[in-house]
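Novice: Take a look at the following structure, please.
The values are calculated or read from the model by the stated rules, or taken from the named source; none is laboratory data. Quantities reported herein were computed from a predicted structural model and do not represent experimental measurements. Using ideal geometry, Cβ is built from the backbone for each residue, glycine included, and neighbour counts are taken over all protein chains shown.
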Amino acid sequence: MLRITSQAAFLALAASLAVACSDGGSAGTGGGGGVGGGTGGRGGSPEPQFEEFAWRTDIPDARTERLCAEAAAPDEAPDTTFIDCEIEGATFSSEDPATKDELVVLAYNILRGFEVDAQLDMITSGVDFPVPDVLLLSEVDRGCQRTEFRNIARDYAERLGYYYLYATEFVELPADRGLTGPYDPPLCEHGNAIVSRYPLGNVRQIRHAENQSWYTPPGAPDPDEPRLGGRIAIAADAKVGSKLVRFYVLHLESTLSVQEIRDAQAEEIAADSEGVTHPVIAGGDLNTFFYFGDLDGGPITEPAVKSFVDRGYVDAHQDIPLDERYTAFDPLDMVLDIILARGVEVTNAGRCSPERCGSLSDHLPVFAEVRGVLGQ
């Protein structure tokens, strides 16, 4: 969700977007995206160790159970950005998934999960793209009144019969606290998730070293989404047969005026992947407001994407026309949702059409089919 903090910043964005959008057109179906090079681990490199995540066997009460220690007394938190939260994960897989060399990956900002059931109907239909093997989800609610206190990542995994991991970006705080009474509705959590057909392990949550505070003290006038926490990524390896594929789910800072923070967050994850010798796929909502300028035949200059490309990644959708790449449309058309791959071949990529998916979130999901997971 785009956060614009000044009228000048909005006008600058709108003017720039207007130039890029002047040649826009209708939606398309997708295409191939090339081969990611670098240290992708296709060959004789030994597989690293795989430590599978310790899956929960109970059913968490997302309405009352908080994953973040600071949620007990949010306005007394010693640090309102770098909070201490557990990763939640469980499995609904009932059998060993088939080993295959080609995977379908989906990146989707699901807008809290307001339309979770309709989103899952679309995803499981296989009409717009093949049913994904791995989903990289951002803006995922856990125990929020606005999404009926549901555990959205868990709901995704249960419907698909998959594994899931959830990490909290933010503890959401009521805007009117201190003005009309105590915390009502109760605090809830909001973050990122990986949902996978395959077991996940070697799991880390990466609270970005460079971050933007969204905290607003009680009683502050006109609070803008008061929250504890800051942007976070999840890193995890999926085990496909005896092989590993590294996944990162990203949701970079959305405040328009802090480009340097967003760029640093992308650089941090790209650098984190440097030592990975097996295939790597990073995806999510990168909030790359000006990336469209690179997609009309010029070189890649958008720092958040360039950090990955300079390390051997390819943009999975690089061969798709610009007018078929827009994934968000407010205030104007933008390319925010991206899948980046290294060490695999992208054989097909695309997005769900605005006509089909425009009512399900304020972002369109993007997908990529990648081959070479099992190496050579």
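Novice: What's the number of the only condition in (1) farther than 30 Å from ASP96 by Cβ; (2) within 20 Å of the chain's Cα centre (by Cα); (3) not β-branched (Val, Ile, Thr) that LEU250 fails to meet?
Specialist: Single failed check for LEU250: (1).
Novice: Does region 283-304 include one or more residues that are hydrophobic (A, V, I, L, M, F, W, C), within 24 Å of LEU244 (Cα to Cα) and buried (at least 23 other Cβ atoms within 10 Å of the Cβ)?
Specialist: No, that holds for no residue.
Novice: From the list ALA304, ALA282, exactly one residue is in contact (Cβ under 8 Å) with a residue 12 or more places away in the chain and either closer than 17 Å to ASN109 by Cα or of a type in the set (Lys, Arg) (or both). Which is it?
Specialist: Result of the check over ALA304, ALA282: ALA282.
Novice: Is there a residue being touching a residue at least 24 places away in the same chain (Cβ under 8 Å) and assigned to a strand (DSSP E or B) anywhere in region 315-328?
Specialist: Yes, the conditions are met somewhere in region 315-328.
Novice: Checking ASP319 against (1) modelled with pLDDT under 95; (2) under 20 Å from the mean Cα position of the chain (by Cα); (3) closer than 27 Å to GLU274 by Cα: exactly one of these is not met. Which one?
Specialist: For ASP319, the failing item is (2).
Novice: Inside region 100-118, can you point out the residues that are closer than 21 Å to SER242 by Cα and either in contact with a Ser or Thr (Cβ under 8 Å, 6 or more places away or on another chain) or assigned to a strand (DSSP E or B) (or both)?
Specialist: Correct list: GLU102, LEU103, VAL104, VAL105.
Conditions (1) among the aromatic types (Phe, Trp, Tyr); (2) at pLDDT 95 or above; (3) surrounded by fewer than 17 Cβ atoms within 10 Å (Cβ to Cβ); (4) in contact with a Pro (Cβ under 6 Å, 6 or more places away or on another chain), marked per residue:
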| position | (1), (2), (3), (4) |
| --- | --- |
| LEU135 | no, yes, no, no |
| ASP141 | no, yes, no, no |
| ASN151 | no, yes, no, no |
| LEU165 | no, yes, no, no |
| PRO186 | no, no, yes, no |
| GLY191 | no, yes, no, no |
| ILE194 | no, yes, no, no |
| PRO199 | no, yes, no, no |
| ARG204 | no, yes, yes, no |
